[in-house]
Amino acid sequence: MLGVERSEDIPATGSASSARLAELYERHVTRAVALARLLSGDAFASEDIAQEAFVRTAGRLTGLRDPAAFEAYLRRTVVNLCRARRRRIAVEQRYLRQTAERHVVHPSSRTEDRDVLWTALGELPERQRAAVVLRYYEDLTEDQVADVLRCSPRAVNSLVSRAMATLRARVEADDESERA
């Protein structure tokens, strides 16, 4: 009959889909939090970013052309949310400087005795930092990183190369200052 749904036509809800969602969450949340942590530099914000990315990606799970690509979609969403967060923080900092309020926005996980490499990684431009984290931490190929960052593999190579040169120079400069 037209306009009447049969029970077998209604998508599964309840325990079966909840179990599937829980299984997806358990499988992917740890890596999503770790990726967000490396990109954002903030342990607490990384949990929020990973949660938001999961909710957004899972909400579109039925619309995915390839459900097996969930991890790639989740990874891209984490990268995009970290970018948005960094932009938002930059706007907030500019506003505070312009209004002469000398509030410094520091994520709560930052301490003064931070490792030099971690500090240098945090000072890299956003795209270079994302390229390094995706390439070496996530162990993605240049083609995969290019897909996440929406650029060419040659651009990824260039981003990683420039980032690594900057990191090397920063570490060497710190080593020289410790010797002096």
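The values are calculated or read from the model by the stated rules, or taken from the named source; none is laboratory data. If you're wondering where the values come from, they're calculated on a predicted model, not measured in any experiment. Here the Cβ positions follow ideal geometry from the backbone for every residue, glycine too, while neighbour counts run over all protein chains shown. Surface accessibility is based on the protein's heavy atoms, side chains included, excluding ligands, DNA and RNA. Shrake-Rupley method; radii C 1.70, N 1.55, O 1.52, S 1.80 Å.
How big is the dipole moment of the stretch 119-163 about its Cα centre under a simple scheme where the beta carbon of each Lys and Arg is +1, that of each Asp and Glu is -1, and everything else is neutral? Debye, nearest 20, please.
The calculation lands at about 200 debye.
For Asp42, what accessible area in Å² do you get when you roll a 1.4 Å probe over the heavy atoms of the protein chains, rounding to the nearest 10?
Surface open to solvent at Asp42 totals about 10 Å².
Grab the beta carbon distance between Gln93 and Asp175, set R0 = 25 Å, and tell me the FRET efficiency rounded to 0.05.
In this case the efficiency is close to 0.25.
Sort Arg65, Arg27, Arg170 by accessible area with a 1.4 Å probe, largest first.
Arg65, Arg27, Arg170
Once each part is reduced to its C-alpha centroid, what is the distance from the stretch 114-136 to the stretch 151-168 in angstrom?
A separation of 11 Å, based on Cα centres.
Arg154 versus Asp66, label points 7 Å from Cα toward the beta carbon: distance in nm?
Modelled inter-label distance: 2.5 nm.
Provide Thr166, Thr77 ordered by accessible surface of protein heavy atoms (probe 1.4 Å), highest first.
Working: Thr166 70, Thr77 30 Å².
Descending accessible area places them as Thr166, Thr77.
Order Glu142, Glu172 by their accessible area, 1.4 angstrom probe, all chains in place, largest first.
Glu172, Glu142
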